[in-house]
1. For residue 41, state whether it is assigned to a loop (DSSP other than H, G, I, E, B) and under 13 Å from the mean Cα position of the chain (by Cα).
2. Here is a list: 200, 191. Which entry is over 15 Å from residue 71 (Cβ atoms), hydrophobic (A, V, I, L, M, F, W, C) and touching a strand residue (DSSP E or B) at 6+ places or on another chain (Cβ under 9 Å)?
3. Report yes if residue 308 is assigned to a helix (DSSP H, G or I), in contact (Cβ under 8 Å) with a residue 40 or more places away in the chain and open to solvent by 30 Å² or more (accessible area, probe 1.4 Å), otherwise no.
4. Among (1) assigned to a helix (DSSP H, G or I); (2) within 30 Å of residue 156 (Cα to Cα), which single condition is residue 348 missing?
5. Tell me yes or no: at least one residue of the range 210-221 is under 21 Å from the mean Cα position of the chain (by Cα), outside any strand (DSSP E or B), touching a residue at least 24 places away in the same chain (Cβ under 8 Å) and closer than 25 Å to residue 159 by Cα.
6. Would you mention how many residues in the range 170-225 are open to solvent by less than 30 Å² (accessible area, probe 1.4 Å), over 19 Å from residue 243 (Cβ atoms) and among the small types (Gly, Ala, Ser)?
7. Within the set of pairs 6+ apart or on separate chains, which have a first residue in the range 230-249 that is farther than 21 Å from residue 201 by Cα and among the charged types (D, E, K, R), a second that is open to solvent by less than 40 Å² (accessible area, probe 1.4 Å) and part of a strand (DSSP E or B), and C-beta atoms under 6 Å apart?
8. One residue is enough: does the range 311-325 have a residue meeting the conditions buried (at least 16 other Cβ atoms within 10 Å of the Cβ), of a type in the set (Val, Ile, Thr) and under 25 Å from residue 6 (Cβ atoms)?
Amino acid sequence: MNVLIIGAGPVGLTAGVELARLGAHVEIIEREKAGSMLSRAIGIDPHSLKILEASGVTEKLLAEGIKYEAAHFYHKNKPWVTLQLNAASPVQYGYNYMLGLPQDRTEAILCEIFKSLGGIVHYDTKLENITQDEEGVVAKTCDGQEFSCNYLIGADGVHSITRQLMGIECEYTELPEIWSIADVDADRDDLADGVSMYLLEPGTMVFIAPIGEHRFRLVSNTKQALKIIPTDLNIINIRREAEFKIKIGQVKSYQKGRVFLAGDAAHAHSPVGGRGMNLGIADAADLAGKLVSGKGDEYTASRYAEGNKIIAGSEMLRKLLGTTSPWKHFLVLKLFKLIAAVPALQRKFASKFLYG
């Protein structure tokens, strides 16, 4: 079986690794000239770690990543509560923590394993057109190349060219507010043992996570995350700042004939909860297994339902933490105090956060 994948991000590379591991011949085309140098998605959940065990990827991720075993909540600049993620019970997939690692390193590890399994990546290669019939798919690129395959997977992000060429309908809504991220080098070892959430005025929050030695990611539901953080990070270097808007929703069908969508090409939601890349990794592994077993037509049903679940959960958490209502904001703070005080509630919170 020959499979062509569009996009060499974590989702496309996961699909490639899993398909190659199961015996398929896989090639990936990527419009960028080389692998990403940006951190982008940083959280790898227990399900993703389990999925990537069989290929040997997880072992390499664990060697580099940072274990998030606690979630620290602050009210403005005041420590509020600490919830232990490693309190999750029962432990699922063999892990009771999130793993923090910049996306460029995750991609590099996936690419290394993919190539070791015989996979091929064509960088600086842009998709131009797709045709298909009952026998297979032909993809044409802007430089005149043609790739023939049994199946094609579009893992080319929220602005997916694959999705556009196939005319697969989207159900996306764009939120009006502008979010921001920043990657910095900072001297704050006390923030290095878990994720930190600062709830500021009602409707304003900023999230900090360690992603390397003295390296941190900030995310805020406002412009310029670095300007609203209520603590001195002792910043040594600013690697990157960016602003973005959030799209929420998913495609009506993950498949059109022999062409499939996975990851952000198929769904989008807020970064709250760290589910985006992980949902895409699960898409990729599920699709790989279904294609190899001849059950590709079952892919949409399973992933659309899971997409709905993750989008609903992410939206609930975004609205809860980012509420603009003063009394709801007060209740959220009290809720976290209650969860921290009751072991059974803390176990339930940790399980929901880690396992969905």
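The values are calculated or read from the model by the stated rules, or taken from the named source; none is laboratory data. Being a predicted model, the structure only gives us computed values, none of them experimental. Cβ placement follows ideal geometry from the backbone for every residue including glycine, while neighbour counts extend to all protein chains displayed. Accessible surface is based on the protein model in full, side chains and every heavy atom, while ligands, DNA and RNA are left aside. Shrake-Rupley method; radii C 1.70, N 1.55, O 1.52, S 1.80 Å.
1. So residue 41 passes the test.
2. Just one listed residue meets the conditions, 200.
3. yes
4. Exception for residue 348: condition (2).
5. Looking through the range 210-221, at least one residue is under 21 Å from the mean Cα position of the chain (by Cα), outside any strand (DSSP E or B), touching a residue at least 24 places away in the same chain (Cβ under 8 Å) and closer than 25 Å to residue 159 by Cα.
6. 4
7. 239/183; 240/183; 241/182; 247/268
8. Yes, the range 311-325 contains a residue that is buried (at least 16 other Cβ atoms within 10 Å of the Cβ), of a type in the set (Val, Ile, Thr) and under 25 Å from residue 6 (Cβ atoms).
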